[in-house]
1. Can you give the % of DSSP beta bridges in segment 37-196 that are antiparallel, to the nearest 5?
2. If packing is taken as the average number of other Cβ atoms within 10 Å across a peptide's residues, how do 68-74, 176-182 rank, most packed first?
3. Would you give the gap between the C-alpha center of segment 302-370 and the C-alpha center of segment 183-216, rounded to a whole Å?
4. Among (1) 62, 41, 35; (2) 71, 54, 34; (3) 85, 52, 33, which is the computed Cα extents along the principal axes in Å?
5. Would you work out the relative contact order for the chain, in percent, from Cα pairs under 8 angstrom that are 6 or more residues apart?
6. Heavy-atom accessible area per residue, the chain, 1.4 Å probe: how many Å²?
7. With the contact rule set at Cα under 8 Å and sequence spacing of 6 or more, what percent relative contact order holds for segment 96-150?
8. Please compute the Kirkwood hydrodynamic radius of segment 247-340 from all pairs of different C-alpha atoms, in Å with one decimal.
Amino acid sequence: MLTDSEAALAEAVLLHGPITRQSLSSRLGLSAGSLTRLTKPFLARGLLVELEEAPDGLVGRPVKPLDIGRGLPFYAGVQITGDMVHSVATDVRANSLDNYDVTLQGHSPSTVVSAVAEAVAKLDVPRIAALGVSLGGSVSNGVVGRAPFLEWQDIPLQDMLEQALGMPVVLENDLVALAEAERWFGLGKGLPGFVIITIGAGIGYALAANNMVARSHDAGLGPAAHIPLSAAGPRCHEGHIGCAQAMLTDDFIAKAASTALGCAVDRDEAYALAQDEPAVRAVIEASGQALGRFIALAANLSLQSEVILAGEGIALFQLVEETVRATILDHRDPLASAVTLHVDDSGFGAWARGAAVVAIQSSLRRLDLR
């Protein structure tokens with residue numbers, strides 16, 4: 001296992017490399033001599049490399065920036081939904097290299113494990129160091145405590161996958177994994193804190209503060225889905241009036257548009273009709289107002305003014321961006337910091353990539369230089 005100083009060095013080069021020793025010393029608060037001693041075993045093992053000399057932009061001799069090694073292994077990430085297993089292969093900086101999806105034939109743990117094994121085996125990379133797996137539900141110490149969409153309770157999924165695949169596996173809640181991916185390599189990189197809100201089949205919320213993603217039992221329960229946003233909105237499956245689930249999820253938007261039209265349409269059809277059908281446009285505008293309230297509430301209560309929007313339903317924001325931004329202003333103290341919106345429109349692939357990132361993080365912590 002790496003010491004805290006070694007882990008901080010490896011993380012700094014991974015996230016910010018190529019980087020000069022001077023910049024590293026400043027970032028880590030180390031003297032030049034201490035940094036030299038710290039980097040020596042990394043260089044000896046090829047985990048870090050010195051690049052060609054380059055001008056440092058200051059008066060003085062050229063410098064050799066440090067970067068991660070060239071022969072490092074690959075990683076895999078898997079997102080499990082109610083009907084699919086989505087997999088992605090990445091390099092150590094979470095750049096996607098290949099992906100493969102497998103349709104679930106059932107929800108038994110053995111069926112899901114087999115589907116994950118198939119999805120990972122189909123990834124076209126030569127060497128996978130570790131697998132990250134994410135799903136919607138409560139996760140702790142490699143055990144799925146509760147995953148309603150799979151009808152699971154207390155399933156030791158991490159152990160089952162490690163036995164089936166013969167590689168290290170890291171199991172995480174999907175929102176936590178996505179937030180870690182945004183924090184390390186995505187729109188949250190360099191931000192000390194942010195809120196992430198996802199819309200689509202469900203509603204997700206995660207929080208990062210002081211360069212850490214919040215983890216708790218409640219992260220896997222999705223309580224943010226039932227925050228009330230409209231007193232005149234429809235009821236969700238739990239009977240809550242105008243909550244985030246009822247106002248912002250794909251199924252409820254499609255249902256409201258269908259009611260307004262008098263015929264059945266799906267989400268994509270509703271979005272297409274919103275330009276020309278006033279009744280459908282009213283539905284979409286109401287959802288846009290609800291999203292604006294949700295964002296303002298998240299910023300107000302978390303004391304974070306940076307908000308990342310993600311998920312496969314992000315097209316809603318793109319349709320009613322002006323309404324969303326205006327509603328945020330209406331529900332924000334005029335003296336508060338302006339809310340900055342960061343939109344991740346990478347779609348469903350972001351979830352599997354998030355799983356890969358938690359595998360990368362875990363592997364970094366397990367490195368042994370002795």
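1. Around 65 percent antiparallel, to the nearest 5.
2. Values: 68-74: 13.7, 176-182: 29.1.
The densest-packed peptide leads the list: 176-182, 68-74.
3. 6
4. (2)
5. Once normalised by length, the contact order is 17 percent.
6. Computed with neighbouring chains in place, this is 47 Å² per residue.
7. Once normalised by length, the contact order is 26 percent.
8. On the way: mean 1/r = 0.0727 Å⁻¹.
13.8 Å is the Kirkwood radius here.
The values are calculated or read from the model by the stated rules, or taken from the named source; none is laboratory data. Since we're looking at a predicted model, the values are computed, not measured. Neighbour counts are summed over all protein chains in view; Cβ atoms, including those assigned to glycine, are modelled from backbone coordinates with ideal geometry. Accessible surface areas use protein heavy atoms only, side chains included; no ligands, DNA or RNA. Shrake-Rupley method; radii C 1.70, N 1.55, O 1.52, S 1.80 Å.
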